[in-house]
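The values are calculated or read from the model by the stated rules, or taken from the named source; none is laboratory data. Keep in mind that this is a model prediction, so the values were computed, not measured. Ideal geometry is used to build each Cβ from the backbone, glycine not excepted, and the neighbour counts take in all protein chains shown.
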Amino acid sequence: MASQDWFEKDFYAVLGVDKSVSQADLKKAYRRLARQYHPDSNPGDAKAEARFKEISEAYSVLSDEEQRQEYDQIRAMGSGARFTAGGAGGQGGGFEDVFGGLFGQGARTRTTTRGGGFEDILGGMFGNGGGFGQTSGGFRGFGGPTPGRDVTATTSIDFVTATKGDTVTLSGGNGKPITVRIPAGVTDGQKLKLRGKGEPSPDGGEAGDLVLTVHVDKHPVFERDGLNLRVNVPVTFTEAALGATIEVPTLGGEPVRMKVPAGTSSGRVLRVKGRGVETPKGAGDLLARVEVAVPGHLTAAQQEALEAFAAASGDENPRDDLLAKSRG
């Protein structure tokens, strides 16, 4: 930042605080304004971005005790004077006139950062290294505070937690627990960004984020299909052929009764509305895939009944259409 700006800008007014403000209250005022005008909260708003830069510039000076002392003394010396470029013949009562009164009428100053300039003069007044614009880091007038670094982590959760949502506690890198809200409907491999849960800023800025990758354990019965849940439901040949009302499991609840129409083939999918994944954006359905269960062992009576059924069916071949299509 140019040294002249310290005369022209009232950093206390920029942050809306009194000159006697404590460092703790100064930080509170800065964080409140920074959240309000941060570019992430005001995308595409040039005025908000400019205001954020002003806030960051002011805080970068006032939050540093040494720079704050220099700023207060320089503002007091200037008595409200504004720097103007001197015209021909010494006209204009500008910046050099202010310091001419301090160091003698012949004193002249330069704003260059090289030897013998304005920064060297003030460095001698306020202690070695008291120059302007010479500190390192992202905080001291070089674009605002440095945000903390983002942290990545992974966690595994069970299928029910991923589907219904829950609050889980993770162990942070510093040993402190981190409470994470898992939203209903999170999917395997999904990344959740937890603002402010990363590393702290080295100079009073916003903390970084925690980017959490979620792995979801498989369920022995259900599978996710978007917001729908899929389940394979075995039925007997008699139930599929004659029709029946059967019980179908639901995730974490009581079974529901579902009607299997007569003549249902294996592989047909029947839908139970609203019994899938429930989220604030809506709920999915339960998709039950019918699988006709073939008995591995027949009693004599069953054998006789099926042979009678086969005889009654005649020469019916369910593969006739398939064979005809394959021949073109």
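All but one of (1) surrounded by 17 or more Cβ atoms within 10 Å (Cβ to Cβ); (2) at pLDDT 90 or above; (3) outside any loop (DSSP other than H, G, I, E, B) hold for VAL186; which doesn't?
Just one mismatch for VAL186, condition (3).
Right, ASP25: modelled with pLDDT under 85 and of a type outside the set (Ser, Thr, Tyr) or not?
Criteria not met by ASP25.
Looking at region 309-328, which of the residues that are among the small types (Gly, Ala, Ser) and not in a helix (DSSP H, G or I) is farthest from SER265 (Cα to Cα)?
Checked region 309-328; the qualifying residue farthest from SER265 (Cα to Cα) is GLY328.
Modelled with pLDDT of 90 or more, acidic (Asp, Glu) and surrounded by fewer than 17 Cβ atoms within 10 Å (Cβ to Cβ) - does that describe any residue in region 194-202?
Within region 194-202, none of the residues are modelled with pLDDT of 90 or more, acidic (Asp, Glu) and surrounded by fewer than 17 Cβ atoms within 10 Å (Cβ to Cβ).
Name every residue in region 227-261 that is surrounded by fewer than 11 Cβ atoms within 10 Å (Cβ to Cβ) and either assigned to a loop (DSSP other than H, G, I, E, B) or of a type outside the set (D, E, K, R) (or both), in order of residue number.
THR238, THR245, GLY252, GLY253, PRO255
Restricting to region 44-64, name every residue that is assigned to a helix (DSSP H, G or I) and without any contact (Cβ under 8 Å) to a residue 24 or more places away in the chain.
Residues satisfying the conditions are ALA46, LYS47, ALA48, GLU49, ALA50, ARG51.
Mind checking whether some residue in region 233-242 is touching a residue at least 24 places away in the same chain (Cβ under 8 Å) and closer than 30 Å to SER63 by Cα?
no
Scan region 236-265 residue by residue and report those that are under 45 Å from the mean Cα position of the chain (by Cα) and of a type in the set (Ser, Thr, Tyr).
Across region 236-265, the qualifying residue is only THR250.
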